[in-house]
1. Might you let me know whether region 86-95 holds any residue that is touching a strand residue (DSSP E or B) at 6+ places or on another chain (Cβ under 6 Å) and either assigned to a helix (DSSP H, G or I) or within 21 Å of residue 54 (Cα to Cα) (or both)?
2. Go through region 43-77 residue by residue and tally those that are over 13 Å from the mean Cα position of the chain (by Cα), in contact (Cβ under 8 Å) with a residue 24 or more places away in the chain and farther than 15 Å from residue 5 by Cβ.
3. Take the conditions under 14 Å from the mean Cα position of the chain (by Cα), assigned to a strand (DSSP E or B) and at negative phi and apply them to residue 80. Does it pass?
4. For residues that are outside any strand (DSSP E or B), surrounded by fewer than 14 Cβ atoms within 10 Å (Cβ to Cβ), on the phi < 0 side of the Ramachandran plot and out of contact with any helix residue (DSSP H, G or I) (no Cβ under 7 Å at 6 or more places or on another chain), tally how many sit in region 33-69.
5. Only one residue in 13, 29 is over 15 Å from residue 85 (Cα atoms) and not in a strand (DSSP E or B). Which one?
């Protein structure tokens with residue numbers, strides 16, 4: 001499970017209805033199981049997302065047997081989803097994670 005910070009002012013994006021809309025828009029079909037939104041897309045089998053505190057929690061399993069083009073499109077879609085919901089780009093998320101590691105918080 002991975003927890004992603006949500007940019008200030010973007011907290012409404014982790015509300016269940018907005019989160020589901022974003023997932024449907026990017027990944028297609030979405031089901032609700034045990035309070036989590038679950039989908040299968042490309043190499044993500046499955047991807048579960050839910051709000052935890054003020055953050056976004058994601059649990060994924062990757063299928064390593066998919067072709068390279070499917071893996072690339074899966075990563076692109078996943079990063080698009082995270083950027084839309086959290087408000088941070090992949091580069092910004094990486095920099096924030098590095099700061100936490102250096103500060104000893106991760």
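1. Just the residues of region 86-95 that are touching a strand residue (DSSP E or B) at 6+ places or on another chain (Cβ under 6 Å), to begin with: 86.
Keeping just the survivors that are either assigned to a helix (DSSP H, G or I) or within 21 Å of residue 54 (Cα to Cα) (or both) gives 86.
Scanning region 86-95, I find at least one residue that is touching a strand residue (DSSP E or B) at 6+ places or on another chain (Cβ under 6 Å) and either assigned to a helix (DSSP H, G or I) or within 21 Å of residue 54 (Cα to Cα) (or both), so the answer is yes.
2. Matching residues across region 43-77 total 5.
3. Values: under 14 Å from the mean Cα position of the chain (by Cα): yes; assigned to a strand (DSSP E or B): no; at negative phi: yes.
Criteria not met by residue 80.
4. Filtering region 33-69 down to residues outside any strand (DSSP E or B) leaves 34-35, 42-43, 53-54, 63-69.
Add one more test, that the residue is surrounded by fewer than 14 Cβ atoms within 10 Å (Cβ to Cβ), and what stays is 34-35, 53-54, 63-65, 67-69.
Adding the requirement that they be on the phi < 0 side of the Ramachandran plot leaves 54, 63-65, 67-69.
The next check asks that each one be out of contact with any helix residue (DSSP H, G or I) (no Cβ under 7 Å at 6 or more places or on another chain); those that pass are 63-65, 67-69.
Count: 6.
5. On the way: 13 fails: over 15 Å from residue 85 (Cα atoms).
Criteria check complete, one pass: 29.
Rule-based calculations on the coordinates, nothing more; no lab input. Quick caveat: nothing in here was measured; it's all calculated off a predicted structure. As a convention, Cβ positions derive from the backbone with ideal geometry for all residues, glycine included, and neighbour counts pool all protein chains shown.
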